[in-house]
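A.B. asks: Starting off with a structure, shown below.
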């Protein structure tokens, strides 16, 4: 009986922590931007470009969601999720302002 109570308590604790985590990951006012960790080695120029773009995107107060940026020879790929379709256009406009950007791929960016 004691083991059963511990199991139920553990299950409730796990469910509660999962609910809290889920709520935090969908905070509509938060913006998380990072360089993609799924790519191979990048040139110093590509690394600098991604860092610069991340700073520019993070300073925009009208965006929310989770983004990952990748650069290959100035071609930027943006993946992740934003909270509204109009935010996809806003991200593209911010990235287009940088003269080092040659192409922008948002096929992996969703709402």
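Readers should treat all values here as calculations from the given coordinates under stated rules, not as data from a laboratory. From a predicted model like this one, the values you see are computed outputs, not experimental measurements. Neighbour counts run over all protein chains shown; Cβ positions are idealised from the backbone, glycine included.
A.B. asks: So residue 108 passes all but one of these: (1) part of a loop (DSSP other than H, G, I, E, B); (2) under 14 Å from the mean Cα position of the chain (by Cα). Which condition number does it fail?
C.D. replies: Evaluating residue 108 over (1) part of a loop (DSSP other than H, G, I, E, B); (2) under 14 Å from the mean Cα position of the chain (by Cα) leaves (1) as the failure.
Conditions tested, residue by residue: (1) out of contact with any helix residue (DSSP H, G or I) (no Cβ under 7 Å at 6 or more places or on another chain); (2) closer than 16 Å to residue 30 by Cα; (3) free of Cβ contacts under 8 Å to residues at least 60 places away in the same chain.
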{"residue": "41", "(1), (2), (3)": "yes, no, yes"}
{"residue": "45", "(1), (2), (3)": "yes, no, yes"}
{"residue": "66", "(1), (2), (3)": "yes, yes, yes"}
{"residue": "69", "(1), (2), (3)": "no, no, yes"}
{"residue": "75", "(1), (2), (3)": "yes, no, yes"}
{"residue": "81", "(1), (2), (3)": "yes, yes, yes"}
{"residue": "95", "(1), (2), (3)": "no, no, yes"}
{"residue": "100", "(1), (2), (3)": "no, no, yes"}
{"residue": "104", "(1), (2), (3)": "no, no, yes"}
